[in-house]
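Scroll down for the structure; my scribbles are underneath it.
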Amino acid sequence: MQKNNTYVEADNRASLNTDTLAESMIIYGHGHLRRLARQLNPLILIALLSSAPSAQASIQPLLDSDLNNQSLYASGYITMGARTKVGGNVQSATAITLAENASVGGNVQAGTATTLGADASVEGYIQAGTTVTLGAAAIIDGSIQAGTTATIGASAKINGELVAGTTVTIDATVEVGGDVLAGTTVTVGAGSIFRGDVDAGTTTTIGAGVQIDGILSANSLQLPPPPPLVTNQEVLITTLQTSLKSLGTGTELVSTTFGINDETLEAGIYSTTDYLTIAGGRTLILDGKGVDGTWVFNIANYLSFAIDAKVILKDVTDNSSIIWNVLGDKTGAAGYAQLGAGAEARGYIFAKGFVQTGANAVISGLGNDCGGAFSATNFIEFGADSVIGQQGCTNGVAAALSQAIEGHPFAACPTDAFLIQDTSATLFGVQLATGQYQQLSNTMGTSNKLNAMGFNFHDQYLYAWSNEFAQPVRINNAYKVTPLATSGLPDVSFYVGDIAIDSNVYYVYRPGADYGLYAISLDSAAANYLLADRIIDGRNLNLAIFDMAFHPFNGFAYSVDNKGNLFRIDVTNGNATLLNNIGESGTFGAIYFDVDENLYISRNNDGKIFRIDTKQANSQADLFAYGPSSSNNDGARCALAPVIATDAASIDFGDAPASYGSLANDNGARHSTENNAIFMGSGVDAEFDSFQFPLSDDETDGNDDEDGVAFVTGIEVGNGAVLQLVASSSAFVNAWIDFDGNGVFGDDEKILDARSVVQGNNIISYDVPEWAEANSTWARFRISSTAELGPTGGVSDGEVEDYQIDISEPNVSIRYYPSASGWATIAFEDNWPAIGDYDFNDLVMNYRISEYRQNGQIIRVKLEGQIAAIGASYHNGFAFHLPGITRDTINENAIRYTINDVRQNASPLESGRDKAIAIITTDMWDYVSAGENCKYHRSEAGCGSKIQMRFSMTLPMHDGIPEQQMPEFPYDPFLFATEGFEHGYAFGLPPGRAYEIHLPNKAPTEAFRSDFFGRGQDSSEPENERYFVNENGMPWAINVGAEWQYPLEYMDVIYAYPQFHSFIANQGAVNADWYIVENANIKNVFSD
Amino acid sequence: MNKLYSFVLLSTLLTACGGGGSETSTPAPSANNSQPVNIVPAPIVSQATITEFSLVDSIPAQSVELIESAAQNSSEISVPDGFALNSERSLTLRITLSEEDNQPAYLSLCSDYQQLSDGSYSINYASCLLRTSLNDSQYEAVITVTNDTQGLVAALWFMDETKQPLFTDWRFNNN
């Protein structure tokens, strides 16, 4: 009995062509559709295309040869150690030897002799060019055909025929199920049993007690034909190996370092310029990510798995394949493969030289596949107790190769949409979020249009209507079509179709009385598989639609007709419900859904992609992205996927606040960064979603790419302004400034409208309208090859940069301390009037001041800041005093004050005072917390945290303050005690607001109790304008012009900043910048 | 939003150049020790332009005898009378526009900038200490400069975008 093998029909290969192989290998090299779209490097493709014919030429004969169902083949001998098990078929151009207790689950074909040790077994047949020798008690389930002699050991059992070209010699108690046929003599030992005939060409010699159920005959002329000779396949295997190599080098694995430690590889093509070794006990994890994929290892010298080295599969599907291609084409290389004892390999090994394993080695395929080894020129030897393929495995290298060639289903529910265009079908991958698209294939195996495309969630293939084949086709992830013979359809082309989510049924539609809506089952197990069933005729369902898409959950199909009417179609009965008009008209040839129930419609003539939220009643089309346009368009995608991929960031987002539209969910401005060379400034980076304000694209991801626009003049109400924009290439810029500060970019706030820019520096003037509000606001700049863009929505290239900017009154002069974006720092010792530890971190505030002058008068002051540290437990407030400025100078009702971007309703101007005192907060601890296992806030080593309190305060003046009256920077920032909290031994009761600490020689405010002077170590002399210093003149507060890295807790400032004393001793004449980090003893200062 | 650098080719400046110079900053005072004190050196870029920029200390620095410091901790430090540990000083910026340049313009005085090898300036306009419209031929402003400031660049852009901007910078010798 010949064992049934799984053959791959050769005629399936007939449609393979050059591109098939090249593309399929790329696909499985990366195993993932989205990545394919990104990684289709034209140069690689060209290289593959040029190499593909040889691969095609070599694989084709392999699949036609009898190698295609082998698990083992050697041009030299094959031997198996004791108890070694081979699951599949074995073929050698010379001899095959099984040691005792070894077994073969398939057939054994030897060019010369086949020899089995005692108790060895073969489940299939044995064919040998010369002798067959069975040891005692060997068992053959199939037949034996020997070119010359057959010698059967005692108690052996053969279930099939036994045929020998010359003699048959059978020992005692042998059992043969079929006929025995010998060219010359038959000699039978005692007690043997024959269920069939026994026939000898010359003589028979029968021992005692032999049972023959059939006819015993001698001098017969029934000389059987010789067994088929085994062809030496060296040329075929060598050509195949060369072809596999020509698939490309892929990722190079460095021989000297790879495999020394445990390794993990995703599907792909890998190569070495020398050997590939996995060290003893080490593992190589092949991570398939749950998607069908192929691993091809092109190895120039030898392959070696040391003792107990193992290949481990992680999420590798059964339809994947693993090929070890040991070329031996490095000079002097033998091209062998060796597995040490206990080593485990997976897949197939093709070796130029020998393949050899130690004891207990394992080679096995994926799923039910046997796996195996092929030696082009030499032997295969397995040590004892090895396992090559599991028992009952399916034979054949052809399956593994064909899986790589034929293509697989798509990755589970791809994020990208598919768009099919052109009269000779061309498939694109479309990133719906931006409209970015890339050609996936224009060699799909059809010369005409494809249309009515749908993604089948049930089997992960695409389906479409093929004009060429006049029937549906299935499209694999190599983008090749397979026609599906379907009955019950009219002789007409369909261009509307999609596949249901809740049933495995393909629906196609065409208006017209003779046509209509048809359901075609794609379930191959169903009785109506590929039988079209007309649901309704096209007169009763008469819609001017060009594609449709199934909702992810509710079972209805949706479409938009050429007038913009949104229809919901019940495909079970053909009833269509007009929902509403979406406000856009045209031919919407490609329609998609996403998992959030948004419908996307792509308009053929201009490529614009609109989004319709089907969760809302009367939902209107929202311009979502700018995609490719085409006269012939059809789209499909997996409706259960989100629109923004979660595996790799490939979109640049803006970072303006939510009202401007930045997040993906808000249809924020989006630019694909795939293959993008258009940007502003030095570059563009990608995010998964907007780092929306108060996050920042630059600061949150640490990559400063928002650098393309410089506001080289002020932005003044009613005046002209100039900006400088650096572009990476010639392109178009659209830009907006929210002049009225209403939180959106209006049409009349567009400062650049499809403005063409050149590569490099562009000087651009624009006008600020009279109605602009003098305030802080936002600007958005978008650069793209698309000329006309709105402030939101996606586009396939370019960049968006959002800027927070200040609009000022006309002819305003702004002075900043220390600069427009820098911080100054004031640091307190809050033990006053007692001397503290001089770590100057009891309260550390960063701040800056902006002063706005117009016509010689200060019209506005802006105070911004943040709490850098609180390194003490007293409760304190912080305020700015404007010496000499009366409280009523400030237009209190117009003050804008925010803490952490939250508007503060209470006036920060301290009430009941004559002078202007702006209270930042009365208790700093209200806004910050100590770190875990930390006593204080950001002052102890290891106690870093993000900034927890930021403030911004704008103080407008009623009539302006003459310049001469304005205090100098930095005014008079000061600390005061929080009401109700004690503040040290010098005060019997909590001193509250009456307690203040100012910078040295700054007078206290009117709230201060002057009898506090002179307590403790305070040595203030108000009459000499000497304030808040001790007898040495040392202060309780210091102010520096930078974002200071203050001393760690309990660390005297002199140890953190060694130049501190010299600076003081020389009255600032030297070491004036003692406080910069370059002058710090860095281990003694706080850092996050 | 972060650093806003812009790039301007110096060569384009030359078209706006006339004669004269801008050597108007204070010369370095002589000092008894090797440490110069609060010097505002001559502008590195002394483009011969009729429009003149100058930046001088509002209160000229006095030379002092260098005192060695020996304090082991801050409680041993004695502060000279009247010294308030200020970390900033006042400078006076004066600009005189030439007749040719006397047209609406915008001035930025910024601390974070680079002069590139080709002579162009890369300026971070978020680092400015002063931003102002210029509508008169004479401009003067007192600015507060913190001691860590290593240099300042004045960028004068004309509202007529076709007219090339003017740049001048000063490097400080912090000590």
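Couple of notes before you dig in:
- Region B:85-99 residues that are within 12 Å of chain A (Cβ to nearest Cβ), paired with ones that are among the small types (G, A, S) (beta carbon under 6 Å, 6 or more apart): B:S87/A:G1041; B:E88/A:G1041; B:S90/B:S58; B:L93/B:A141
- A:N761 passes every criterion in (1) closer than 15 Å to A:L725 by Cα; (2) away from chain B (no Cβ under 11 Å); (3) of a type outside the set (A, V, I, L, M, F, W, C) apart from (2).
- Qualifying residue in region A:771-778 (condition: farther than 14 Å from A:F679 by Cα, among the hydrophobic types (A, V, I, L, M, F, W, C) and within 14 Å of chain B (Cβ to nearest Cβ)): yes
- Residue match in region A:581-598 (condition: under 19 Å from A:M453 (Cα atoms), assigned to a strand (DSSP E or B) and β-branched (V, I, T)): yes
- Among the residues of region A:423-463, those identified as small (G, A, S) and more than 26 Å from A:S796 (Cα to Cα) are A:G445, A:S447.
- Those residues of region A:1027-1085 which are part of a loop (DSSP other than H, G, I, E, B), under 15 Å from B:N73 (Cα atoms) and within 7 Å of another protein chain (Cβ to nearest Cβ), in sequence order: A:N1032, A:G1033, A:M1034, A:D1052
- Only one of A:A399, A:A411, A:A404 that is within 30 Å of the chain's Cα centre (by Cα), modelled with pLDDT under 95 and closer than 21 Å to A:L327 by Cα: A:A404
So that you can scan it fast, the table gives a plain yes or no per residue for (1) touching a residue at least 40 places away in the same chain (Cβ under 8 Å); (2) basic (K, R); (3) farther than 24 Å from A:I807 by Cα:
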position	(1), (2), (3)
A:R853	yes, yes, no
A:E864	yes, no, no
A:H875	yes, no, yes
A:F880	yes, no, yes
A:E892	no, no, no
A:R903	no, yes, no
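- Scanning region B:118-158 for residues that are farther than 24 Å from B:R89 by Cβ, among the polar types (S, T, N, Q) and at the interface with chain A (Cβ under 8 Å from one of its Cβ atoms) gives B:S133, B:N135.
- Here B:E161 clears all of (1) surrounded by fewer than 18 Cβ atoms within 10 Å (Cβ to Cβ); (2) within 7 Å of chain A (Cβ to nearest Cβ); (3) free of Cβ contacts under 8 Å to residues at least 12 places away in the same chain except the condition numbered (1).
- A:L284 being under 21 Å from A:A373 (Cα atoms), touching a Lys or Arg at 6+ places or on another chain (Cβ under 7 Å) and of a type outside the set (V, I, T): no
- Strands (runs of 3 or more DSSP E) wholly inside region A:811-869 containing at least 2 residues that are within 12 Å of chain B (Cβ to nearest Cβ), under 26 Å from A:N1084 (Cβ atoms) and at pLDDT 95 or above: A:824-828
- Complete set of residues in region A:365-385 that are crowded, with 23+ Cβ neighbours inside 10 Å and in a strand (DSSP E or B): A:D369, A:G372, A:A373, A:F374, A:S375, A:I380, A:F382
- The residues in region A:693-736 that are touching a Lys or Arg at 6+ places or on another chain (Cβ under 7 Å), among the charged types (D, E, K, R) and modelled with pLDDT of 75 or more can be counted, and the count is 1.
- Neighbours by Cβ (under 8 Å, 6+ apart or cross-chain): first from region A:136-148, in contact (Cβ under 8 Å) with a residue 40 or more places away in the chain; second buried (at least 19 other Cβ atoms within 10 Å of the Cβ) and among the aromatic types (F, W, Y): A:G142/A:Y125; A:S143/A:Y125; A:Q145/A:Y125
- Being touching a residue at least 40 places away in the same chain (Cβ under 8 Å), more than 10 Å from every other protein chain (Cβ to nearest Cβ) and under 30 Å from A:N1030 (Cβ atoms) is not true of A:L789.
- Residue among B:S22, B:S34 that is under 28 Å from A:N811 (Cα atoms) and at pLDDT below 80: B:S22
- Failed criterion for B:G119 (all others in (1) over 23 Å from the mean Cα position of the chain (by Cα); (2) surrounded by 14 or more Cβ atoms within 10 Å (Cβ to Cβ) hold): (1)
- Complete set of residues in region A:996-1026 that are under 30 Å from A:A820 (Cβ atoms), part of a loop (DSSP other than H, G, I, E, B) and more than 10 Å from every other protein chain (Cβ to nearest Cβ): A:A1003, A:T1005
- Of the residues making up region A:99-119, those that are surrounded by 24 or more Cβ atoms within 10 Å (Cβ to Cβ), touching a Phe, Trp or Tyr at 6+ places or on another chain (Cβ under 9 Å) and without any contact (Cβ under 8 Å) to a residue 40 or more places away in the chain are A:A102, A:V108.
- Total residues in region A:997-1012, condition out of contact with any Phe, Trp or Tyr (no Cβ under 8 Å at 6 or more places or on another chain) and in contact (Cβ under 8 Å) with a residue 12 or more places away in the chain: 2
- The set of residues in region A:943-968 being assigned to a loop (DSSP other than H, G, I, E, B), surrounded by 19 or more Cβ atoms within 10 Å (Cβ to Cβ) and under 51 Å from the mean Cα position of the chain (by Cα) consists of A:C943, A:M949.
- Region A:706-746, residues that are β-branched (V, I, T) and in a strand (DSSP E or B): A:V709, A:I715, A:V722, A:V726, A:V733, A:I737
- Any hit, region A:817-830, residues being buried (at least 24 other Cβ atoms within 10 Å of the Cβ), out of contact with any helix residue (DSSP H, G or I) (no Cβ under 6 Å at 6 or more places or on another chain), more than 30 Å from A:P991 (Cβ to Cβ) and touching a residue at least 60 places away in the same chain (Cβ under 8 Å): yes
- Selection from region A:879-915 of residues that are exposed (fewer than 13 other Cβ atoms within 10 Å of the Cβ) and part of a loop (DSSP other than H, G, I, E, B): A:D901, A:N905, A:A906, A:S911, A:G912, A:D914
The values are calculated or read from the model by the stated rules, or taken from the named source; none is laboratory data. Since this is a predicted model, take the numbers as computed values, not measurements. In this analysis, Cβ positions are derived from the backbone assuming ideal geometry, glycine residues included, and neighbour counts consider all displayed protein chains.
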